[in-house]
Amino acid sequence: MKFNRVSNRSFNQLRDFEIIRNFTNQAAGSVFVKAGNTYVLCTATIVENVPDFVKKHVDCGWVTAEYSMLPSATKIRSNRESVYGRQTGRSQEIQRFIGRSIRSMFDLRLLGARTIHFDCDVIQADGGTRCASVTGSCVAAFDAVSYLLNNSLISKNPICNNIAAVSVGKSKKQLLLDMDYLEDCNCDVDMNVVMDSKGRFIEIQATGEKSLLSRDDINSMLDLAQEGISKLINIQKECFN
């Protein structure tokens, strides 16, 4: 049975994906990501210290992330989390997901006793915000490290590989790559996958929303995610040309 997507995309087609580097002037890395109608600003700021729990490791750096959705990013206005002094559980979970993913890019020993802080601010949300954040932050990481190298703050490149993330779903027995909000809300199974440029998995989040997952389902979804992530990594590399 052929599944007709509202966007008229094929089941294995990414949304229109655009990466704009150097989007703002102040951060060492600043990337604006457009994944269909999802827009995320990813910035990387260098801080010349590390958290207390890292200080016991001599000359070891740290990489962390924060995630926030602007009040007008969705049709129904959400409260600005900073005003109320605490984040929602969803935002905390997503920023940990982003932080773990970006840390996998780095040999933290080569970063020195400093932190690269990634801020991912969702300007407009239409599904896949965490995946767009990871993919954009990867590019911001390269720009931040270039700043460190060009200013002789580090002597070796601490980045080991590119990473990217994409969502995969299953709806009415049809697999779907890179779902928008309506597809995500109505799918039977959804999955977020992070991989590196060597084809290794960094993080897999899978949930049976309306049906359970078989081993064959998981294998097929991972194959589709790998196909999409390979395309995203090529887009990342092209934006440096």
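Since every read-out is calculated from the coordinates, none of them should be taken as a lab result. Just so it is clear, the model here is predicted, and its values are computed rather than measured. Positions of Cβ are backbone-derived with ideal geometry, glycine not excepted, and every protein chain shown enters the neighbour counts.
Remarks
- Taking every DSSP helix (H) stretch of at least 4 residues in the chain, weighting each as -39,500 (n - 2.57) and dividing the sum by the residue count yields a mean residue ellipticity at 222 nm of -9500 deg cm²/dmol.
- Cβ-placed point charges (K, R +1; D, E -1), dipole of the stretch 1-81 about Cα centre in debye, nearest 20: 600 debye
- Within straight-line cross-link reach of LYS172, lysines at Cα separation under 21 Å, skipping those fewer than 8 residues along the same chain: LYS2, LYS210
- The charge dipole of the chain, taken about the Cα centre with unit charges on the Cβ atoms of Lys, Arg (+1) and Asp, Glu (-1), comes to about 120 debye, rounded to the nearest 20.
- Taking every C-alpha pair closer than 8 Å and separated by at least 6 residues, the mean separation divided by the residue count of the stretch 44-131 gives a relative contact order of 52 percent.
- With Cα atoms, 0 to 90° folded angle of helix 89-103 axis to the chain main axis: 60 degrees
- Angle of helix 215-238 to the longest C-alpha principal axis of the chain, folded into 0 to 90 degrees and rounded to 10: 50°.
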